[in-house]
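The values are calculated or read from the model by the stated rules, or taken from the named source; none is laboratory data. All values reported here derive from a predicted model rather than from experimental measurement. Quick reminder, even Gly has a Cβ in these numbers, built from the backbone with ideal geometry, and neighbours come from all protein chains shown.
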Ligand code: NDP
Ligand code: 2IT
């Protein structure tokens, strides 16, 4: 057994009940095999891989709160502080009924390499709760956030751990969480990112993940001698990432024809009208089905995902495992030649095997999440910099840095893949490029 296989076998035995985490760990460990083989003695001597796959700390706590009817409610809260070798823990908070330790460990593990790829000094973490903000009043969301932060505040800080948004956590939730942190600690510090612009938030953070996804997609497509202009683009999700991916894609001339939520997807052959999506989702937290009620040319497909729609480019921007092998085969058979992941781990292992086969056979372009959606956390790190120097940069300044970071990530992934004999395989390239910096820092800091 190779060192990588040994470590994975140990992980599987210890954490058999954590399928999402095992899936993410397996993919990374397989990818970094060539680097590990070249440095085996060095890594083994400090137990590097065994330490890499275990979080430094997991904090779990109960979150009691009272609903509008005066009834007591209880949720679970978590923070996975996975790896602080290259900087303070950094990563989002997810509020969704599906949240459990396996999902947060997979997200925290991916975050280590994603954050490393940005080139900025941020470690990996993730947190959240099985609380569902959907259908709750603002007052209920506020009371929940206050209770959640009352406990979380003991473990975070501007130089310790800096959470941000993710599914179910947007500007409203970050505002309530920040207010409670400040009230409890009496500190006005950049302890959360994605803050409102009037209290330390960064311009372009709202747009950053979606814009960054399109910047790296554009770079990859251009490097392959093609263009996104006039191409048909299928997007899943209609939340923060999906909305701004759609906006930037339209600005570059792509024709976005679908968006979705967990109830179904809409198809608009004339191109999605984003002012309507913004009104539905940002204006009144409505369902995407409303789009078809308002746009006569659009169709609504209840209970379905958009992967059967013919397209050139697919940008999954909803959640993990939303594309399986069958959906991936349908996409490729229908002529899709490029897929970049806005969501974290939206493609399951079978789907990734389909992309890899299509890459080898016909140059299919695939950019995995940890590279493709790194623009959000990169801009969070830019928000931390602005908070530290107590200054605010212009939209253009932040957007231009974001663009440079995404172009840089494309080249890091492409170069690392080529260096280890996997030219064009950005899964291997992103994992290796992300891993090398973290491994160096861990080895240098001793067995801690
Ligand atoms: P939002 O909460 O703003 O939007 C999530 C979207 O995905 C909604 O349309 C939601 O539909 C849909 N969705 C969520 N869960 C499911 C599900 N189980 N099945 C089908 N659809 C689902 O979240 P974000 O846009 O912020 O996040 C989307 C993805 O991007 C996540 O994977 C997240 O981890 C990733 N990401 C986010 C970053 C950020 O900066 N926000 C940064 C990097 C990655 P519904 O409303 O019906 O639930
Ligand atoms: O998955 C992610 O990278 C995020 N949800 C953003 C994390 C952050 O700290 O901005």
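Residue-wise test of (1) more than 26 Å from residue 286 (Cα to Cα); (2) touching a strand residue (DSSP E or B) at 6+ places or on another chain (Cβ under 6 Å).
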residue	(1), (2)
87	yes, yes
90	yes, yes
104	yes, yes
119	yes, no
156	yes, no
165	no, yes
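Screening 423, 436, 356 for residues that are touching a helix residue (DSSP H, G or I) at 6+ places or on another chain (Cβ under 9 Å), farther than 28 Å from residue 236 by Cα and touching a residue at least 60 places away in the same chain (Cβ under 8 Å) leaves exactly one candidate, 436. Look at residue 131 and say whether it is away from ligand 2 (no atom under 15 Å from the Cβ), surrounded by 24 or more Cβ atoms within 10 Å (Cβ to Cβ), at pLDDT 95 or above and not in a helix (DSSP H, G or I). Judged against the criteria, residue 131 is a match. Counting only strands (runs of 3 or more DSSP E) that sit wholly inside segment 190-309, those with at least 3 residues that are touching a residue at least 40 places away in the same chain (Cβ under 8 Å) are 232-236, 255-261, 264-267.
Within segment 272-286, is even one residue touching a strand residue (DSSP E or B) at 6+ places or on another chain (Cβ under 9 Å) and closer than 27 Å to residue 329 by Cα? Taking every residue of segment 272-286 in turn, at least one turns out to be touching a strand residue (DSSP E or B) at 6+ places or on another chain (Cβ under 9 Å) and closer than 27 Å to residue 329 by Cα. The set of residues in segment 92-124 being away from ligand 1 (no atom under 11 Å from the Cβ), more than 26 Å from residue 408 (Cα to Cα) and in contact with a helix residue (DSSP H, G or I) (Cβ under 7 Å, 6 or more places away or on another chain) consists of 102, 105. Assess whether residue 166 counts as being surrounded by fewer than 24 Cβ atoms within 10 Å (Cβ to Cβ), under 24 Å from the mean Cα position of the chain (by Cα) and within 16 Å of ligand 1 (Cβ to nearest atom). Judged against the criteria, residue 166 is not a match.
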